[in-house]
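Each value in this text was obtained by applying a stated rule to the coordinates, not by laboratory testing. From a predicted model like this one, the values you see are computed outputs, not experimental measurements. We place every Cβ from the backbone using ideal geometry, glycine too, and count neighbours over all the protein chains shown.
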Amino acid sequence: MKHGKKYRAIAEKIDASKEYEVTEAIALLQETASANFDQALEIHIKLNIEPKKNDQQVRATVVLPHGTGRTKKVAVVTADKAKEAEAKAAGATLVGGEELIAEIKSGKIVPGSAFDILLATPDMMPKLASVAKILGPKGLMPSPKNETVTSKMEEAVSMLAKGKKASFKNDDGGNVHQAVGKLSFETAALIENAGVFLDRVAKSKPEGVKGKFIKSVVFSTTMGPGVHVKI
């Protein structure tokens with residue numbers, strides 16, 4: 001793959017044979033960023049797992065102290081009027097019960113466009129089965145595993161809408177990817193977010209994995225080259 005002049009100029013400032021300290025890597029990426037928009041700081045982790053084995057799947061949530069810098073549209077499905085009020089007050093984009101499910105089923109509301117995340121109270125999960133084939137392929141089916149099935153609606157909506165809570169899972173190659181803030185953040189804020197995320201990944205080690213869990217860590221910007229980071 002051929003990269004542009006700006007990309008190559010940044011890559012020349014990065015020692016590809018070196019593993020940088022977290023603080024050093026973040027400072028370097030902030031210093032060399034040259035895109036005309038506020039790029040994200042991304043973390044890419046190679047895990048020592050066999051992705052096809054069910055007992056080695058990695059899926060969890062993390063609360064980043066300073067958020068990702070990206071707000072999200074949150075939809076809520078609940079039959080509880082008090083929970084509806086909580087969700088609306090916390091900033092939910094869409095709130096409803098069976099009528100909201102019907103609109104998703106009919107195509108009037110398009111998941112991924114009308115909302116980025118769907119939350120549901122436990123009692124609504126059986127009713128959501130009718131739209132599982134629509135939500136599932138887009139990764140939007142509520143699940144207790146990523147804490148999108150909850151009764152604590154106000155807290156959940158607030159965290160997600162403000163970009164503080166993020167869900168992550170391994171891809172087919174055994175990697176985990178997550179944006180942990182914008183380069184415009186204070187360096188200290190990015191360092192704290194990165195530390196919290198790395199710690200959360202380390203603690204999500206499946207019982208079926210033996211030996212070293214994290215094989216490598218790379219930090220990068222949205223448009224720039226990667227920096228290898230010490231584990």
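Take the Cα pairs of region 74-161, get the Kirkwood Rh, then feed it into Stokes-Einstein at 25 °C and 0.890 mPa s and tell me D in µm²/s. Taking Rh from Cα pairs, D becomes 197 µm²/s. The stretch between Lys164 and Thr71 holds 32.6 nm of extra length on full extension. This uses 0.36 nm per residue minus the Cα-Cα distance. Taking every DSSP beta bridge that has both residues in the chain, what percent is antiparallel when rounded to the nearest 5? Looking only at bridges with both residues in the chain, the antiparallel portion is about 70 percent.
Using the Cβ-Cβ distance between Lys152 and Glu186 with R0 set to 35 Å, the FRET efficiency works out to roughly 0.75. In straight-distance terms, cross-link reach from Lys81 covers every one of the lysines whose alpha-carbon lies under 16 Å from its own, apart from those fewer than eight places away in the same chain; here that gives Lys152.
Stretching Lys105 away from Lys127 to a fully extended chain increases their span by 6.8 nm, per 0.36 nm per residue minus the current alpha-carbon distance. Working note: 222 nm ellipticity from helices only, DSSP H runs with n ≥ 4, each -39,500 (n - 2.57), summed and divided by the residues of the chain, gives -8500 deg cm²/dmol to the nearest 500. For region 174-231 versus region 129-170, the spacing of their alpha-carbon centroids is 21 Å.
The lysines whose alpha-carbon is closer than 30 Å to the alpha-carbon of Lys210, local same-chain residues fewer than 8 away aside, are Lys18, Lys46, Lys52, Lys53, Lys145, Lys165, Lys169, Lys230.
In this structure, Ala89 and Ala202 have a Cβ-Cβ separation that, at R0 = 30 Å, corresponds to a calculated FRET efficiency of about 0.25.
Qualifying trypsin sites (Lys or Arg not before Pro) in region 181-231, where qualification requires a DSSP coil assignment and no more than 16 other C-beta atoms within 10 Å, comprise Lys210, Lys212, Lys230.
Please give the net charge around Leu94, taking every other residue with its beta carbon less than 13 angstrom from that of Leu94, where Lys and Arg add +1 and Asp and Glu add -1. Net charge in that neighbourhood comes out at 0.
Compared with the direct C-alpha span, the chain from Phe37 to Ala9 gains 8.3 nm at full extension, assuming 0.36 nm per residue.
Below 9 angstrom from the Cβ of Gly208, what's the summed charge of the other residues (Lys, Arg +1; Asp, Glu -1)? After counting each charged neighbour, the total is -1. Under 5 Å from the amide H of Gly181 lie the amide H atoms of Leu41, each residue being 5 or more positions distant or on a separate chain, with H modelled from the backbone and absent for Pro and chain starts. One quarter of the convex hull surface built on the alpha carbon atoms of the chain amounts to 14.3 nm², the projected area averaged over directions. Computed over region 81-227, relative contact order equals 18 percent, with contacts defined as Cα pairs under 8 Å that lie 6+ residues apart. Between the helical axis of 22-32 and the longest alpha-carbon principal axis of the chain there is an angle of about 80 degrees.
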